Amino acid sequence: VDDFGNPTRTDVFPLISGGQWAPRSGGSGSGDVFVNQRWNFNANGAYQMGWDMELAANLFGKQGTPYPYFRNAALGRQGTVRVLLNENLDSIRFDTLWNFDLRWSKNFKFGSRASMQFIADLFNVMNANTEITRERNAGSTNFGVLGSNLSPRILRFGLRANF
């Protein structure tokens with residue numbers, strides 16, 4: 001039962017004793033994301049090569065976030081609420097997200113103080129297209145439409161000057 005004494009299960013209050021708790025994101029601009037996974041990790045490392053070159057890598061992985069369906073319902077004093085349609089808040093999840101990034105850089109020195117670094121970054125090396133959000137409102141005409149996914153593979157070049 002929620003704060004108003006209402007036994008209706010919603011996507012914020014699934015009302016399952018011992019069930020999964022997954023708060024929704026707020027104000028991040030990334031959409032309707034449930035911030036919850038049972039595991040995640042981030043591993044990174046760098047290697048100083050010869051000829052003033054560096055190589056670095058970053059591997060990130062996390063279990064997919066919940067994708068609970070809901071339907072809007074008018075519930076008197078509470079106004080309109082999102083009634084949970086899934087058996088459990090996390091009974092449907094997005095796929096596991098994996099992301100692998102690489103960086104290569106070359107350092108150049110000019111005199112005793114000045115230097116320059118040429119940098120090449122390759123983001124999302126495997127070009128994963130993992131879904132992050134989809135429309136969850138089962139009463140919406142765009143129910144299930146993709147809202148966001150992992151950015152595609154991107155190659156970025158940079159130059160850093162120190163003096």
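Here the accessible area is traced with a 1.4 Å probe on the protein chains. For the range 23-163, carbon and sulfur cover 55 percent of it.
Other residues within the sphere of radius under 11 Å centred on the Cβ of ASN107, judged by their own Cβ, net out at +1 (K and R +1, D and E -1).
Seen from all sides and averaged, what is the projected area of the convex hull of the Cα atoms in the range 53-145, in nm²? Value for the range 53-145: 10.6 nm². Normalised radius of gyration (Cα atoms, divided by 2.2 N^0.38 Å) for the range 70-115: 2.85. Placing a label point 7 Å from the Cα of THR130 along the Cα-to-Cβ line, the residues of the range 91-108 whose backbone N sits under 14 Å from it are 93-101.
The values are calculated or read from the model by the stated rules, or taken from the named source; none is laboratory data. Since this is a predicted model, take the numbers as computed values, not measurements. Positions of Cβ are backbone-derived with ideal geometry, glycine not excepted, and every protein chain shown enters the neighbour counts. When the accessible area is computed, the model is the full protein with side chains, heavy atoms only, and any ligands, DNA or RNA have been set aside. Shrake-Rupley method; radii C 1.70, N 1.55, O 1.52, S 1.80 Å.
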